[in-house]
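Structure first, commentary second.
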Ligand code: GTQ
């Protein structure tokens, strides 16, 4: 063997032993997109989720499950049970009388109700009742517990920025040491929160957009997100109905985002939450974003068309993901009904880091930055 070959071999060996890798060996892995671990477009169909969750609700007790959720696990990210490299989601089922004990964690969390009445999440002393379509926020660091006071199962979608927290090595901590102190008494550890706020506190305090109370404290627990924890579906529908007379975005149709009423910014630092409405007959142009979005079909049915003729078909209550970099457009296939898509995106994170870009493809194939 020539000395150069020998020297190269020992260079490799010595480097590896010291935790060093040669760029020229790694280059193919770094530069070739085929070697990246990426989320792929994927649909989870309600008709598949519902029977499995129903079965879990029969045979997996809450005491064992802590959260009785089936996690949306993107096949491109296995073995992680993540939707994207930033977004985690699950579909949770609470039988009447069931509850989950109070806890908090660094990732921000949200619930979005699909079915059943009587479900609630208590967040920093506010009991947030949930109905279909409502968004309940538990921003980073806020204490929360769940329950179902009704007489039917309640099913909701949980979305968290847990993978982002994990990727940032902010390994998340699930904290259950919740104490309450009454003046002059010793702190008592509890598994549920005492409700200290009036019913519907969030909506009473902040529901008129553009107006905030100036005599109240807007800091709620450790949250760096919105002090408004509940966004009612009926308000989203009302807002979208008011927007119908305006020209829609050529790619996204009519859309709204829930915002922090105090800052006007996103409701949690990392994710945006909103609704897209594609009116019957609306034809969207293709677009591509550097952010990833997860959707839940609240009303209507249709499909997402992507490059190379790939298509995802979806129906009411289905959940699907469009990862960053995908050319896509949503098609409302119901000729007489509006499509309503609930959407959660990591765009605020991308924007804060200077990574957010989006493009539109015109009918003639021209690509324009937006
Ligand atoms: O319901 O609070 O799926 O804290 C993961 C973490 C649900 C919840 C999850 C959580 C919750």
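The values are calculated or read from the model by the stated rules, or taken from the named source; none is laboratory data. Values in this document were obtained by computation on a predicted structure and should not be read as measured data. Here Cβ is always computed from backbone atoms with ideal geometry, including for glycine, and neighbour counts include all displayed protein chains.
Can you tell me which residue is surrounded by the most Cβ atoms within 10 Å (Cβ to Cβ) among those in the stretch 103-114 that are without any contact (Cβ under 8 Å) to a residue 60 or more places away in the chain and within 12 Å of the ligand (Cβ to nearest atom)?
Just the residues of the stretch 103-114 that are without any contact (Cβ under 8 Å) to a residue 60 or more places away in the chain, to begin with: 109, 111, 113.
When the remaining residues are screened for being within 12 Å of the ligand (Cβ to nearest atom), the result is 109, 111.
Numbers: 109: 22, 111: 24.
By that ranking, first place goes to 111.
A count restricted to the stretch 150-181 and to residues that are without any contact (Cβ under 8 Å) to a residue 40 or more places away in the chain and touching a strand residue (DSSP E or B) at 6+ places or on another chain (Cβ under 8 Å) stands at 4. Out of 213, 227, one residue alone is buried (at least 17 other Cβ atoms within 10 Å of the Cβ), without any contact (Cβ under 8 Å) to a residue 40 or more places away in the chain and in a loop (DSSP other than H, G, I, E, B). It is 227.
Of all the listed residues (83, 62), the sole one being closer than 20 Å to residue 172 by Cβ and touching a residue at least 24 places away in the same chain (Cβ under 8 Å) is 83. Just one residue in the set 95, 151, 117 is touching a helix residue (DSSP H, G or I) at 6+ places or on another chain (Cβ under 7 Å), surrounded by fewer than 21 Cβ atoms within 10 Å (Cβ to Cβ) and within 19 Å of residue 54 (Cα to Cα); that residue is 95.
The criterion of at least 1 residues that are touching a residue at least 40 places away in the same chain (Cβ under 8 Å) and crowded, with 21+ Cβ neighbours inside 10 Å is met, among strands (runs of 3 or more DSSP E) falling completely within the stretch 251-370, by 272-278, 286-289, 293-299, 302-306, 311-314, 319-322, 328-332, 339-345. Looking at the stretch 153-169, which of its residues are within 20 Å of residue 296 (Cβ to Cβ) and either assigned to a helix (DSSP H, G or I) or more than 10 Å from the ligand (Cβ to nearest atom) (or both)? Hits for the stretch 153-169 are 153, 154, 155, 161, 162, 163, 164. Taking the stretch 66-92 as the range and being within 22 Å of residue 38 (Cβ to Cβ), in contact with a helix residue (DSSP H, G or I) (Cβ under 8 Å, 6 or more places away or on another chain) and either at pLDDT below 95 or within 10 Å of the ligand (Cβ to nearest atom) (or both) as the test, only 88 passes. Scanning the stretch 115-152 for residues that are within 11 Å of the ligand (Cβ to nearest atom), in a loop (DSSP other than H, G, I, E, B) and under 14 Å from residue 226 (Cβ atoms) yields a count of 1.
Answer yes or no as to whether residue 172 is in a loop (DSSP other than H, G, I, E, B), within 14 Å of the ligand (Cβ to nearest atom) and surrounded by 13 or more Cβ atoms within 10 Å (Cβ to Cβ). Here the answer is yes, as residue 172 does meet what is asked.
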